[in-house]
Amino acid sequence: MTVLTRVIARLLLPSTLITAIAVLVKGYGDVGDGFSAAVIAAFGVLLQYVAFGHRAAARALPLRAMPAVSFAGLLLALLVTFGPVLRGQAPLAHSPAPGADVIYLGTLELHTALVFDLGVFLLVFGFAVGAIDLIAGATDRERGQGPL
Amino acid sequence: MTVLLPLLLALGAAPVVLVAGVLGARPAAWASIVMAALACGATLWGRWAGGGALDVAWAPSWGLRLTFALDGLAVLYALLATGIGVAVLLYSARYLPLHLEHQGRPARDAIRFYALIVLFMGAMVGLVMAQDLLLIFVFWDLTAIASYYLIGYDRHKAESRAAALMALLVTGISAVLLLIGLLLLQALYGTFALPAIVERATPGPAQTLAAGLIAAGALVKSAQVPAHFWLPRAMAAPTPVSAYLHSAAMVAAGVFLLGRIYPLLRLSPFLLDLLLVVGLLSMIFGSVLALTRDVLKQILAYSTIAQYGYVVVMLSLGTSAGVVGAAFYVIAHALAKSALFLTAGTVTEVTGEDRLSRLGGQWRGLPVLAAASGVAAAGLGALPLTIGFFKDELFFKAALERGWPFAALATLGAALTLAYVWHFWSGIFLGPLRGEAGRPPLPLVAPIVALGLLVAVGGVAVAPAADLAEAAGRVAFADLQPVEPAYHLDARPENLLALATYALAATIIAARPRWFRLAAATARLGERVGPERWYAAGLVRLNRSSRALLALEVRDLRSRIATVLVPTAVLVAIGLWATPTEGAFRVGRITVTDLPTVLGLLLAAVGALVATVPRRPLTLILALSSVGYSLAAVFAFLGAPDVALVAVLIETILTLLFLGVLALFPAELLKDQAVGPAPRPSLRWRNVGVGLGAGAFAFAVGWATLSQPAAQESVAVQHIRLTPAAHAKDVVTAILADFRGLDTMGEITVIAIALLGIAALLGRRERPMASDERRATSDERASGEEKRRREGR
Amino acid sequence: MIVLFALVVAILFGTGAYLMLKRDLIRVVAGIILISNAVILFIIAAGLTRGRAPIYPLPEGEPISDPLVQAMALTAIVISFGITALLLSLVYRVYTTRETVDKEDLSLAEAEDERQLEVERRA
Amino acid sequence: MLVLPLAIVWLAAVPLALLDGRRRWVGWLAVAALGAGFLAMLRLAVAVFARGPVELVAGGWPAEVGITLRADALGVTFAVLSIGVLLAALAYETLGGVHERALPALVLFLATGLTGLFLTGDAFNFYVFFEIAMTSSFVLAGYGRRTRELRAALIFTVVNLLGSTLFLSGIAALYHVTGTLDMRGIATWAGVADQNSVLLIATIIFVAFGIKVGLFPFHFWLPPVYRDTWPAVAAILSGALANIGSYGLIRFGADLLPRELRFAAPALLILGAASVLYGALQAVAVRTASEALAYSAISNAGYILIALGIGGPAGYAAAILFAVVNSLNKTVLFLAAGLRGWLVSAAFAIGAFSVAGVPPSAGFFGKAALFRGGIAPDDPALSVALVALLFVGGALAFVYMFQIYQRDFWEREGAGQTSGIGSRILVLGLAGLVVAFGVWPEPLLAVSQQAAGVLNGGRP
């Protein structure tokens, strides 16, 4: 690995994450959603693997927490799904209700569907990174050590 | 109440015995005796109180009712089941501990025995009282279950196991015939209530079929030819079981059922004639075989076949004398036969011998037993001053009503009976002394004495038994002619026939050396080509062909896949063939604007075809991803940018994952795969064929579907309309996150589960946890291994 | 177009099926991926109303492609992705316990087990 | 109330996924959560049977736009049954000691999938829940992680994935011809669509569910999987997961595509007969109890198909009744086959008698319902053929069940150490349920009739 790749990799990580977030929040208005955002973000992490190897990446990033991130995302989405039931509404009934006014944050509409999408994002991100980590870990065990 | 009490006592006996069993084997024995005696008393009381009926809803959805009635037929068989039950249980209370001791089994094993016997008794009592067809069947099979476990009581012996299996298979499977008959009756007459069916029944082929099926089930249970072979085998059971099985339960259940459905049987003369043939065959065949047997219980077993043959014959004569005679016959036979079985058990117990050829002259050591069983034997042989005399009197009377040929056959049968009874009794007790006899304990003799006394008393005071039989006959025959068995010292035909019987029997006994070879040869022939052979050969052949079929079972993954694809292709082809195809398929237009899409599709197709060629995994993966990217392009051209984006992303990450996993395999292994031996050409072509078939059915289904214009405007139109209300601009995203958010919820759950699975598969091998390491390593692991091992591996 | 879609779906499905019949498990996975692709293409084709992307503001007077099949396709893609990843790791584990990616070998092992059962039964 | 059972198991599964399921308290926590889900489901079932179907549309959208969740008699019957089986299997494994951390969570995820697919009124949503259930069972099949289990898991996964893709194509095709994903809408519009395409679509959907229940000739994956998986897992696969197949055949056949079902009735009867005979014949000579049970499952799948082929209210009720009874039987038997001790022997015997259709067991009423269905057709030749087939199948069931019972429980009596008392009592309790339904069959009979009544093709 050359120094250049490492620098590029390091630089790319925030930018992929920002792209991902953009895709996530823009999803309602345009192509893309939590899922695509998560995969894009996962690519950013994957790049670190390619650049620094599994060990180093594992040290720099909170990989161990990935399953937890994943299941937190699932729990978040589930809460959005079943939360309305507590208020006597149908599951997944989003608030603000259809047709009602929405609070804007700039051009971003604040809406429970967004929280739902965030859950999707966390879960898929956790999955993609977690799966790669597991494969890399297995590789390490298989042949001592080495990048993907 | 009069119905309920005997029923509850009989059915409740098994649980009571099990509870008493907590205290030990002896309390269980006593509990069983007391319960049987109480049930017997309750039945007598019920008869005295004039019967009664119970009718409660059971399963209204099917119109099932819990209907019980204590009618004449029920009283007779319930008294036999409980009364003989008491005798048998009294006997067992002493016999079974000895039996278990011989086999070195714990005394506690006896509890199960007593519980099963009283369960048997309860099932019989329930059966004879039930008036609902399905209820009858329930108790019918309950007797089969009880007998299965009783016959297989000595389950460590292969012989017992085979006998139990045979009894279960023969009676259990034939019971299904009965079930079919019952359900057919229900379909014909719209009810499961037997009295209602009897009222509504009219002669007809369907009715005959139904009654015939029921009769078939009954005949097998009564061990009639040709389904008799299970009964001699059932001798593998402990002796008290045989005594009970042959006299008051199981085998008696068969003729009971014939009596129960007699009004239906009567509607079809053809059926009655069929029964007559079966009964006569069983009578002659059983008697001849009984004459040739050497093992004590075998003689009695064949005797039972013959004796129930008489009963069937009497029933099928179709006269009221026959029906009452049959009922009377069952009583007389039950008393005598149970006594004789118990005799065989006692003799075997005290001498250790179970063959006539090793026994003889036992009257010296066992005078009381000899006398008591002598009376019982005389009863079975129909000598005067025993209850048996009247059974033959009624038999002759009924046969005479049908004509002289029947009387002649009856005489022959009666003579044969007398002959084998003599063969049995004299073989044990008379002649030179053979076999060392110890002193039998009192409980092994007392029940026999009691039964012998009953046989003798019945020979003097015939009225109680005759009343019972008449009441039973009335159930079958509403217009019953009273029959009054009594001693008549005149030259009426019955008496002459009786005399003829004695003479003939004396001749048969005297001429034994002359006919014995012939009879033995017949028996051997029967064994060689008889139905038991069919059963055994059938079972062996069934197992063999099953094993052959099992060997044909597909064993590798590829064939398992092919066996899904090929039948699907066949089914789709049949579907195509079965429906009109004219005008069903459209080609569709292709315009210039479609060209990019067409190109993308063609690229995907080419990529897929290329993927089948390479031998190197890397090339394969590249081909795969080219398919994925081409499809993504197609999606983009079709106005599905969301799908296109995700398809690209997924394709990329999947390719990486694939490469990552591939990197886990050692290079040599993959190389081996690449240059390994080429598959056999035949296999290769088979794969190509299956692939083509799969493609063909996919094409057929795809084309047929896409050619079909949608039946209505798609619901998607509403999604588009409602998207602004969902605060969204991208309809697809709105559908995913809002309209059909539950799908997305499910989808991400799948992903979460996949992560869980990947972690379980690829994560570090799980070690037992530190905190309970000891448990996990020793007992948990062991128990896991144990489970496996115990499954027989 | 109809027949072309059907044909390409059939080709993807058929080649996938063919790969699934191959000896090594890598190809089985590849076959499943192809078959999934075939199904996703079929889903999209099932809503064959070519048009603009269904994103507001909607174009006036122009057809809009069916958004529901797109949503279905997306869900199906994601699910099959997750399951494929799972299958890949399963294949890997089968390999580490059996030291093979060869199906033939896998069935041989099964036959071995069954012989063992037969022996135990006889005993 | 409709959402509660689903919400309980789904929400409970998530935290459990992060806990170590090998700890005893985690196992019992999972059992408690599943038990709560079961009770909620039971409450829902009682309400549905008393007051008719309950439905709601997720998100509060109009029907068809949003996903309709609909609890009707058919769905809740299968849901209560399947969740009950899962509960029993999970308690069994917890009593015996869980070996892998993910097991409790996976069982709960499986429960989520099953609950959802029995309660959804939307075809594509059905597919999604179906995949939740399948994915969890793919992982569960490998439970034990030795070659044997992993091989079983691989076979199971690959063949069933093929089935899933077929099913998904079927759903997409149905959408194309009907323009909706709502089951009620599909039932309406599929009836007017051209028969050619709908029949072909019905065929691949049939194949997909045929694979799931293990119907001949799609059954070849089943024997090694049922034989080689862990006893509790085998019980889950045959007692709970196979219900997807039976339910799917009934729901998609008799409810959504009744015209195609009637049209294909001869084919169903032939395939069903082949399945009955093939499975029963194979089961005779097998070596282990679990293998016999696997082939028995194939045979019994055939019975369900035959009942569907007979059709009409009686046929559908028989199919439902038999499916329920069969699932109970298989659960008892698979769990009992993994244990030793005399209580277990009794439980296995009860299961065996139930499979053979001997009263007083639930199986008797399943068999009687089939015979009643077989007698029902007006064509006497068909009736005779059906009854003869049922007779032969039942006779073979006697042979294979009791050969293996005697070999495993009589001959080897006392061999090996006795299993834990807890698991044995659990299994005996389940067997007691089989007997209880044999003694008092009314609930089963009423439920199956009412469930058949909700089907489009099952109205009198």
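Going through the stretch B:612-635 one residue at a time, which ones are facing chain C (nearest Cβ under 9 Å) and closer than 28 Å to B:Thr733 by Cα? Correct list: B:Leu624, B:Val627, B:Gly628, B:Leu631, B:Val634, B:Phe635. Taken as a whole, the stretch B:202-221 holds at least one residue that is surrounded by fewer than 23 Cβ atoms within 10 Å (Cβ to Cβ), without any contact (Cβ under 8 Å) to a residue 24 or more places away in the chain, out of contact with any Phe, Trp or Tyr (no Cβ under 6 Å at 6 or more places or on another chain) and assigned to a helix (DSSP H, G or I). Looking for something of a type in the set (Phe, Trp, Tyr) and more than 30 Å from D:Gly373 (Cα to Cα) - is there at least one such residue anywhere in the stretch B:49-60? No, the stretch B:49-60 contains no residue that is of a type in the set (Phe, Trp, Tyr) and more than 30 Å from D:Gly373 (Cα to Cα).
Any residue that is acidic (Asp, Glu) and farther than 17 Å from D:Leu339 by Cβ - is there at least one of those in the stretch D:412-422? No; the residues of the stretch D:412-422 include none that is acidic (Asp, Glu) and farther than 17 Å from D:Leu339 by Cβ.
Is it the case that D:Val177 is free of Cβ contacts under 8 Å to residues at least 60 places away in the same chain, within 18 Å of B:Ser714 (Cβ to Cβ), within 10 Å of chain B (Cβ to nearest Cβ) and crowded, with 24+ Cβ neighbours inside 10 Å? In short, yes.
Among the numbered conditions (1) more than 30 Å from D:Lys212 (Cα to Cα); (2) touching a Phe, Trp or Tyr at 6+ places or on another chain (Cβ under 9 Å); (3) in contact (Cβ under 8 Å) with a residue 40 or more places away in the chain; (4) at the interface with chain C (Cβ under 10 Å from one of its Cβ atoms), the only one that B:Leu565 does not meet is (1).
Restricting the first member to the stretch B:236-260 and to residues that are closer than 22 Å to B:Ala215 by Cα, and the second to residues that are among the charged types (D, E, K, R) and crowded, with 24+ Cβ neighbours inside 10 Å, the beta-carbon pairs closer than 8 Å and six or more apart or on different chains are B:His246/B:Lys337; B:Ser247/B:Lys337; B:Met250/B:Lys221; B:Val251/B:Lys221; B:Ala253/B:Lys221; B:Gly254/B:Lys221; B:Leu257/B:Lys221.
Among D:Gly27, D:Gly35, D:Gly52, D:Gly21, which is the only one that is more than 12 Å from chain A (Cβ to nearest Cβ), small (Gly, Ala, Ser), in contact (Cβ under 8 Å) with a residue 40 or more places away in the chain and surrounded by fewer than 22 Cβ atoms within 10 Å (Cβ to Cβ)? Step by step, each of D:Gly27, D:Gly35, D:Gly52, D:Gly21 is checked, and only D:Gly35 is more than 12 Å from chain A (Cβ to nearest Cβ), small (Gly, Ala, Ser), in contact (Cβ under 8 Å) with a residue 40 or more places away in the chain and surrounded by fewer than 22 Cβ atoms within 10 Å (Cβ to Cβ). Is it the case, given these coordinates, that D:Ala347 is more than 9 Å from chain B (Cβ to nearest Cβ) and at pLDDT 90 or above? So D:Ala347 passes the test. When the stretch B:592-611 is filtered for residues that are crowded, with 20+ Cβ neighbours inside 10 Å and either more than 8 Å from chain C (Cβ to nearest Cβ) or touching a residue at least 24 places away in the same chain (Cβ under 8 Å) (or both), the ones remaining, listed by number, are B:Thr597, B:Gly600, B:Leu601, B:Ala604, B:Gly607. Considering the stretch D:84-117, and only residues there that are among the β-branched types (Val, Ile, Thr) and at the interface with chain B (Cβ under 9 Å from one of its Cβ atoms), the residue that is surrounded by the most Cβ atoms within 10 Å (Cβ to Cβ) turns out to be D:Thr112.
Here is a yes/no grid of residues against (1) modelled with pLDDT under 85; (2) more than 7 Å from chain B (Cβ to nearest Cβ):
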| residue | (1), (2) |
| --- | --- |
| A:Val80 | no, yes |
| A:Leu92 | yes, no |
| A:Ala97 | yes, yes |
| A:Asp101 | yes, yes |
| A:Leu108 | yes, yes |
| A:Phe127 | no, no |
| A:Gly144 | yes, yes |
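The set of residues in the stretch B:569-591 that are within 11 Å of chain C (Cβ to nearest Cβ) and within 57 Å of the chain's Cα centre (by Cα) comprises B:Ala569, B:Phe585, B:Arg586. Residues in the stretch B:479-535 that are modelled with pLDDT under 85, among the β-branched types (Val, Ile, Thr), surrounded by fewer than 17 Cβ atoms within 10 Å (Cβ to Cβ) and under 27 Å from B:Phe396 (Cβ atoms): B:Thr522 alone. Looking only at residues in the stretch D:135-147 that are more than 8 Å from chain B (Cβ to nearest Cβ) and touching a residue at least 60 places away in the same chain (Cβ under 8 Å), the one that is surrounded by the most Cβ atoms within 10 Å (Cβ to Cβ) is D:Leu140. Please give the number of the condition B:Leu317 fails out of (1) modelled with pLDDT under 90; (2) touching a His at 6+ places or on another chain (Cβ under 7 Å). For B:Leu317, the exception is condition (2). Tell me, which residue of the stretch D:118-134 that is facing another protein chain (nearest Cβ under 9 Å) and not in a helix (DSSP H, G or I) is nearest to the chain's Cα centre (by Cα)? Per the criteria, the residue is D:Thr120. At least 2 residues being of a type in the set (D, E, K, R) and either within 26 Å of B:Thr43 (Cα to Cα) or out of contact with any strand residue (DSSP E or B) (no Cβ under 9 Å at 6 or more places or on another chain) (or both) is the threshold, and among the helices (runs of 4 or more DSSP H) wholly inside the stretch B:405-522 those reaching it are B:463-476. Taken over the stretch B:701-718, the criterion of being part of a helix (DSSP H, G or I) and either surrounded by fewer than 24 Cβ atoms within 10 Å (Cβ to Cβ) or of a type in the set (S, T, N, Q) (or both) is satisfied by B:Thr705, B:Ser707, B:Val717, B:Gln718. Looking at the stretch B:49-67, can you tell me whether even one residue there is assigned to a helix (DSSP H, G or I) and buried (at least 21 other Cβ atoms within 10 Å of the Cβ)? No, the conditions are met nowhere in the stretch B:49-67.
Among the residues of the stretch B:719-741, those identified as crowded, with 24+ Cβ neighbours inside 10 Å and either at the interface with chain D (Cβ under 7 Å from one of its Cβ atoms) or within 30 Å of A:Ala136 (Cα to Cα) (or both) are B:His719, B:Asp738, B:Phe739, B:Arg740, B:Gly741.
Could you list, in sequence order, all residues of the stretch D:65-93 that are charged (D, E, K, R) and either assigned to a helix (DSSP H, G or I) or touching a strand residue (DSSP E or B) at 6+ places or on another chain (Cβ under 6 Å) (or both)? Result: D:Arg70, D:Glu93.
Look through the stretch D:358-415, keep the residues that are small (Gly, Ala, Ser) and touching a Pro at 6+ places or on another chain (Cβ under 9 Å), and return whichever of them is nearest to D:Gly272 (Cα to Cα). Filtering first and then ranking leaves D:Ser383.
Name the residues in the stretch C:12-27 that are in a helix (DSSP H, G or I), in contact (Cβ under 8 Å) with a residue 24 or more places away in the chain and within 7 Å of chain B (Cβ to nearest Cβ), would you? Once the filter is applied, which keeps residues that are in a helix (DSSP H, G or I), in contact (Cβ under 8 Å) with a residue 24 or more places away in the chain and within 7 Å of chain B (Cβ to nearest Cβ), the stretch C:12-27 yields C:Leu12, C:Phe13, C:Ile26. Once the stretch B:389-425 is narrowed to residues that are of a type in the set (D, E, K, R) and out of contact with any Ser or Thr (no Cβ under 6 Å at 6 or more places or on another chain), the residue that is surrounded by the most Cβ atoms within 10 Å (Cβ to Cβ) is B:Lys391.
The values are calculated or read from the model by the stated rules, or taken from the named source; none is laboratory data. Computed from a predicted model, the values in this text were never measured in an experiment. Heads up, the Cβs are rebuilt from the backbone with ideal geometry, glycines too, and the neighbour counts pull from every protein chain shown.
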